[in-house]
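Asks: One structure follows; several queries about it will come next.
Only the coordinates and a few stated rules stand behind these numbers; no lab work does. Only a predicted model underlies this, so the values are computations on that prediction, with no experimental measurement involved. In this analysis, Cβ positions are derived from the backbone assuming ideal geometry, glycine residues included, and neighbour counts consider all displayed protein chains.
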């Protein structure tokens, strides 16, 4: 596409930096944040090793993620070790999808990954801020079911998966359209798409049509995995055990 910004890769201050070359100095924004010279509002619902901030610079607002979280699941740890750091791969996939016309995801402007750790480097990601209110704050989610289906299907057409399916990660924009603000897209696309199908049904009663025998098989595999996960969560009285999912169960109306 003519005039499309490229992703430039460089090394700065011990980080592998991937930055959109669109005329803005995104590294300078991150550097001033890291030095404490840029005011930031921390999103309250984040954990110690995965933080999210809202920052403003030059009349624009951004989301900044600071992540050094190590996933305890063996299959995730193995996948990341084989494939390398997550955020730089996600940035390329999101950029490719956006160039193809996918307008339901956030643009990623910069990713800085600490050099020396293949699977779980300390990472900063500077991301587009999407104005609007999250779907979880709406009186009813049911009336948005058709728009949710359309939005997730558009995501899938560009070989991206949602995975972290909950209403806090869907923004209702001023024009009524929806935007997904936290595309996880970890692992293989076929498995991710099947997880979206299963989780939309489990959490919000949304039936996303399956396509073809392979996807239907993947959906059955994911359902079995989810059943086992819920079984063990129930034994431990985990906050996301089926009986504790107030956010999901009460928002289907």
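Asks: If we sort 190-196, 22-28, 176-182 on the protection proxy, mean other Cβ atoms within 10 Å, highest first, what's the order?
Replies: Most protected by this proxy first, the peptides run 190-196, 176-182, 22-28.
Asks: I need the P(r) histogram for the stretch 188-241: all alpha carbon pairs, bin width 5 Å from 0 out to the longest distance, whole percents.
Replies: 4, 20, 26, 24, 15, 8, 3, 0
Asks: Tell me, how many Å apart are the Cα centres for the stretch 146-185 and for the stretch 38-105?
Replies: What the calculation gives is 16 Å, centre to centre.
Asks: Please compute the contact order of the chain in relative form: average sequence separation of alpha-carbon pairs under 8 Å and at least six residues apart, divided by the residue count, as a percent.
Replies: 14
Asks: Then there's this: For the stretch 1-129, calculate the relative contact order in percent as a whole number, restricting contacts to Cα pairs under 8 Å that are 6 or more residues apart. Don't skip to the end; give the middle numbers.
Replies: Values: 206 pairs, mean separation 34.6, N = 129.
Reported relative contact order: 27 percent.
Asks: Quick one: work out Rg over Rh on the C-alpha atoms of the stretch 13-99, Rh as Kirkwood radius.
Replies: With Rh from the inverse mean 1/r over Cα pairs, Rg/Rh is 0.99.
Asks: A further question on this structure: Report, to the nearest 10°, how far helix 189-204 tilts away from the longest principal axis of the Cα atoms in the chain, using its own Cα long axis and a range of 0 to 90°.
Replies: 60
Asks: Using only Cα atoms, find the angle between the long axis of helix 145-157 and the longest principal axis of the chain, and express it within 0 to 90 degrees, rounded to the nearest 10.
Replies: Rounded to the nearest ten degrees, it is 60.
Asks: Here is a further query. For the chain, take the longest principal axis of its alpha carbons; what is the angle in degrees between that and the long axis of helix 86-99, to the nearest 10 within 0 to 90?
Replies: Compared with the principal axis, the helix lies near 90 degrees.
Asks: What shape does the stretch 26-171 take by its C-alpha gyration tensor, where a ≥ b ≥ c are the square roots of the eigenvalues and a/c under 1.5 counts as rounded, a/b above b/c as prolate, and the rest as oblate?
Replies: Because a/c hits 1.5 or more and a/b fails to exceed b/c, the stretch 26-171 counts as oblate.
Asks: Using R₀ = 25 Å, calculate the FRET efficiency as 1/(1 + (r/R₀)^6) where r is the Cβ-Cβ separation of residue 68 and residue 224; round to 0.05.
Replies: 0.20
Asks: Give the percent of DSSP beta bridges with both residues in the stretch 3-141 that are antiparallel, rounded to the nearest 5.
Replies: The answer is about 100 percent antiparallel.
Asks: Okay, helix-only estimate at 222 nm for the chain: each DSSP H run of n ≥ 4 adds -39500 (n - 2.57), divide by all residues, round to 500 deg cm²/dmol; what do you get? It would help to have the intermediate numbers written out before the result.
Replies: Values: 7 runs with 92 residues, N = 253.
Calculated from helices alone, the mean residue ellipticity at 222 nm is -11500 deg cm²/dmol.
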